[in-house]
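Mind having a look at this structure? Questions to follow.
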Amino acid sequence: MLIEKRLFGTCRQGAVDMYTLTVDSGMSVSIITLGGALVKLLAPNREGKLADVIFGYDDLSSYLGGDGYHGALIGRVGNRICKGKYTLDGVDYQLYINNGQNSLHGGKVGFSHKIWDAEASVVEDGCVLDLTYVSPDGEENYPGTLTVNVRYKLSQDNALSIEYRATTDKKTIVNMTNHVYFNLGGFASGKVFDHLLWMDCESFIPTDENLIPTGEIRDVKGTPFDFNKEKTIGCDFDLSYEPMAIAGGYDHCMNFRAVDDVWAAPRIKARDPKTNREMVVYTDAPCVQFYSANFMKNPNYPFKGGYPQTTQNGFCLETQKMPDSINHENFTDITLDVGEVYETKTVYKFIVD
């Protein structure tokens, strides 16, 4: 097992380092301290052949100026908040508007664009990178000083886990996730329509034309959102179906089925049939935002090696709570009070025979 550290670049905030964690199988992950962004993930297929399966940039300037939140930690609140408005304990708050008429992924300068403190270590069964960020009271107009710890762990069984923990000194709202884009054939291998996907999800959340939840929670049965039987991502990719027409594809919160033990079995399975690379996802989050990279098309910011941005060349599985929850009484609770601990964990494991 090995941990390497190097300077990735410098910006006004300071130096940005990149840590590369490698386990005995050769699987490795590279993470920068700007936004805790995953830059590279060399993952095995069933035969042990490695490929870089996530999107990212070669240089710091692209992470600072590019769009898409590629591989980054998202917070305080992931996803959209309608018109950037919410009320907490009778106090009205207005967030920065950065997505049409809404606030998206933490606001003007969310966790995705902060430099995190980092400490790396080798443990018995893998390599660990611990990231810490203290968000001051009032940052992006969220109340409370929020102390956040995120642990990335690459384990000897070819699993990458992300564990989030946060505490506050004043009641606030929190809904963190990671915005990594996958293509299990390798990030430069084209469309993901032939990827096979299974999700243990019983319902999804339709949105309005601004991609804000309508408040309805709709059963997946009989819709393109039913992945309870494995099918390709492209099988029911139907832009004539209104929820998908609005979003330009999949960009919806999928709600997991209630189970007694969330760690007993995967909640998601994804497989690229061409390379025989399979990833399973374990999580204690109640939902996942399934996104088919409908806006991956900025020609000014090509990916690693100059690979161009192209829609539907990747997909995101953003484990989280429901979007705009603070404005819907029937949605998940994203409030965090003094004395409480926000904790959630997601594991992306690659299957090797």
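Between Lys83, Lys153, which is without any contact (Cβ under 8 Å) to a residue 24 or more places away in the chain and farther than 16 Å from Glu318 by Cβ?
Working: Lys153 fails: without any contact (Cβ under 8 Å) to a residue 24 or more places away in the chain.
Selected residue: Lys83, the only one of Lys83, Lys153 that is without any contact (Cβ under 8 Å) to a residue 24 or more places away in the chain and farther than 16 Å from Glu318 by Cβ.
Scan the stretch 325-340 for residues that are in a strand (DSSP E or B) and open to solvent by less than 30 Å² (accessible area, probe 1.4 Å) and jot them down. Write out each step before concluding.
From the stretch 325-340, those in a strand (DSSP E or B) are 335-336; that's our starting set.
Correct list: Leu336 only.
Does the stretch 305-324 contain at least one residue that is open to solvent by less than 60 Å² (accessible area, probe 1.4 Å), over 30 Å from Leu60 (Cβ atoms) and part of a loop (DSSP other than H, G, I, E, B)?
The first filter runs over the stretch 305-324 and keeps only residues open to solvent by less than 60 Å² (accessible area, probe 1.4 Å), leaving 306-307, 309-320, 322-324.
Next cut, over 30 Å from Leu60 (Cβ atoms) only: 322, 324.
Within this subset, residues satisfying the condition of being part of a loop (DSSP other than H, G, I, E, B) are 322, 324.
The answer is yes, given that some residue of the stretch 305-324 is open to solvent by less than 60 Å² (accessible area, probe 1.4 Å), over 30 Å from Leu60 (Cβ atoms) and part of a loop (DSSP other than H, G, I, E, B).
Quick check: anything in the stretch 153-163 touching a Cys at 6+ places or on another chain (Cβ under 9 Å) and surrounded by fewer than 22 Cβ atoms within 10 Å (Cβ to Cβ)? Walk me through it before giving the result.
Step one: filter the stretch 153-163 for residues touching a Cys at 6+ places or on another chain (Cβ under 9 Å), giving 153-155.
Filter once more, keeping what is surrounded by fewer than 22 Cβ atoms within 10 Å (Cβ to Cβ): 153, 155.
Within the stretch 153-163, one or more residues are touching a Cys at 6+ places or on another chain (Cβ under 9 Å) and surrounded by fewer than 22 Cβ atoms within 10 Å (Cβ to Cβ).
Go through the stretch 210-240 and count every residue that is of a type outside the set (Val, Ile, Thr), open to solvent by 60 Å² or more (accessible area, probe 1.4 Å) and closer than 19 Å to Cys82 by Cβ.
Number of matching residues: 2.
Another question, then. Could you list, in sequence order, all residues of the stretch 134-176 that are assigned to a strand (DSSP E or B) and either over 28 Å from Ala43 (Cα atoms) or in contact with a His (Cβ under 9 Å, 6 or more places away or on another chain) (or both)? Walk me through it before giving the result.
We begin by selecting, within the stretch 134-176, every residue assigned to a strand (DSSP E or B); these are 134-135, 146-155, 159-168, 172-173, 175.
Within the stretch 134-176, Val134, Ser135, Leu146, Thr147, Ala166, Thr167, Thr168, Thr172, Ile173 qualify.
When the stretch 341-353 is examined, which residues are found to be more than 25 Å from Thr145 (Cβ to Cβ), open to solvent by 40 Å² or more (accessible area, probe 1.4 Å) and in a strand (DSSP E or B)?
Of everything in the stretch 341-353, just one residue is more than 25 Å from Thr145 (Cβ to Cβ), open to solvent by 40 Å² or more (accessible area, probe 1.4 Å) and in a strand (DSSP E or B), namely Lys349.
Continuing with the same structure: Could you list, in sequence order, the residues of the stretch 86-103 that are of a type in the set (A, V, I, L, M, F, W, C) and either touching a helix residue (DSSP H, G or I) at 6+ places or on another chain (Cβ under 7 Å) or surrounded by 10 or more Cβ atoms within 10 Å (Cβ to Cβ) (or both)?
Correct list: Leu88, Leu95, Ile97.
Please go through the stretch 262-274 and give me each residue that is over 15 Å from Cys201 (Cα atoms), of a type in the set (D, E, K, R) and open to solvent by 70 Å² or more (accessible area, probe 1.4 Å), ordered by number.
The first filter runs over the stretch 262-274 and keeps only residues over 15 Å from Cys201 (Cα atoms), leaving 263-264, 271-274.
Retained after the next criterion (residues that are of a type in the set (D, E, K, R)): 271-272, 274.
The answer is Lys274, and nothing else.
Here is a further query. Tally time: how many residues in the stretch 51-101 are part of a helix (DSSP H, G or I) and either more than 16 Å from Tyr307 (Cα to Cα) or not aromatic (Phe, Trp, Tyr) (or both)?
So the first thing to find is which residues in the stretch 51-101 are part of a helix (DSSP H, G or I), and the list is 60-65, 82-84.
Add one more test, that the residue is either more than 16 Å from Tyr307 (Cα to Cα) or not aromatic (Phe, Trp, Tyr) (or both), and what stays is 60-62, 64-65, 82-84.
Summing the residues that are part of a helix (DSSP H, G or I) and either more than 16 Å from Tyr307 (Cα to Cα) or not aromatic (Phe, Trp, Tyr) (or both) in the stretch 51-101 gives 8.
Within the set of pairs 6+ apart or on separate chains, which have a first residue in the stretch 179-192 that is within 30 Å of Arg76 (Cβ to Cβ) and modelled with pLDDT of 95 or more, a second that is among the aromatic types (Phe, Trp, Tyr) and open to solvent by 20 Å² or more (accessible area, probe 1.4 Å), and C-beta atoms under 8 Å apart?
Once the first residue is within 30 Å of Arg76 (Cβ to Cβ) and modelled with pLDDT of 95 or more and sits in the stretch 179-192, its partners that are among the aromatic types (Phe, Trp, Tyr) and open to solvent by 20 Å² or more (accessible area, probe 1.4 Å) give His179/Tyr69; Tyr181/Phe187; Phe187/Tyr307.
I've got another one for you. Check Ile31 against each of (1) in contact with a helix residue (DSSP H, G or I) (Cβ under 8 Å, 6 or more places away or on another chain); (2) not in a loop (DSSP other than H, G, I, E, B) and name the one condition it does not meet.
(1)
Could I ask something else about it? Can you name every residue in the stretch 1-49 that is open to solvent by 10 Å² or more (accessible area, probe 1.4 Å), of a type in the set (A, V, I, L, M) and more than 22 Å from Ser61 (Cβ to Cβ)?
Answer for the stretch 1-49, where residues must be open to solvent by 10 Å² or more (accessible area, probe 1.4 Å), of a type in the set (A, V, I, L, M) and more than 22 Å from Ser61 (Cβ to Cβ): Met1, Leu2, Ile3, Leu42.
Inspect the stretch 241-260 for any residue being of a type outside the set (Lys, Arg), open to solvent by less than 70 Å² (accessible area, probe 1.4 Å), in a strand (DSSP E or B) and touching a helix residue (DSSP H, G or I) at 6+ places or on another chain (Cβ under 8 Å) and give the result as yes or no.
Step one: filter the stretch 241-260 for residues of a type outside the set (Lys, Arg), giving 241-256, 258-260.
If we keep only those that are open to solvent by less than 70 Å² (accessible area, probe 1.4 Å) too, we end up with 241, 243-256, 259.
Filter once more, so that each one left must be in a strand (DSSP E or B): 251-256.
Cutting the leftovers down to touching a helix residue (DSSP H, G or I) at 6+ places or on another chain (Cβ under 8 Å) gives us 252.
Yes: one or more hits.
Say whether the condition of being more than 18 Å from the chain's Cα centre (by Cα) and surrounded by fewer than 16 Cβ atoms within 10 Å (Cβ to Cβ) is met by at least one residue in the stretch 65-82.
Our first condition is that a residue be more than 18 Å from the chain's Cα centre (by Cα); within the stretch 65-82, this holds for 65, 82.
Subsequent filtering for residues that are surrounded by fewer than 16 Cβ atoms within 10 Å (Cβ to Cβ) retains 65.
Yes: one or more hits.
Still on this structure, I have one more. Could you run through the stretch 122-144 and say how many residues are among the polar types (S, T, N, Q) and open to solvent by less than 40 Å² (accessible area, probe 1.4 Å)?
Initially, the stretch 122-144 is screened for residues among the polar types (S, T, N, Q), giving 132, 135, 141.
In the following step, the residues that additionally are open to solvent by less than 40 Å² (accessible area, probe 1.4 Å) were identified as 135.
Residues flagged as among the polar types (S, T, N, Q) and open to solvent by less than 40 Å² (accessible area, probe 1.4 Å) within the stretch 122-144 amount to 1.
The values are calculated or read from the model by the stated rules, or taken from the named source; none is laboratory data. Predicted model only: the values in this text are computed from it and were never measured. Note that we place each Cβ from the backbone using ideal geometry, even for glycine, and neighbour counts take in every protein chain shown. Please note that ligands, DNA and RNA were not included when accessible areas were found on the heavy atoms of the full protein model with its side chains. Shrake-Rupley method; radii C 1.70, N 1.55, O 1.52, S 1.80 Å.
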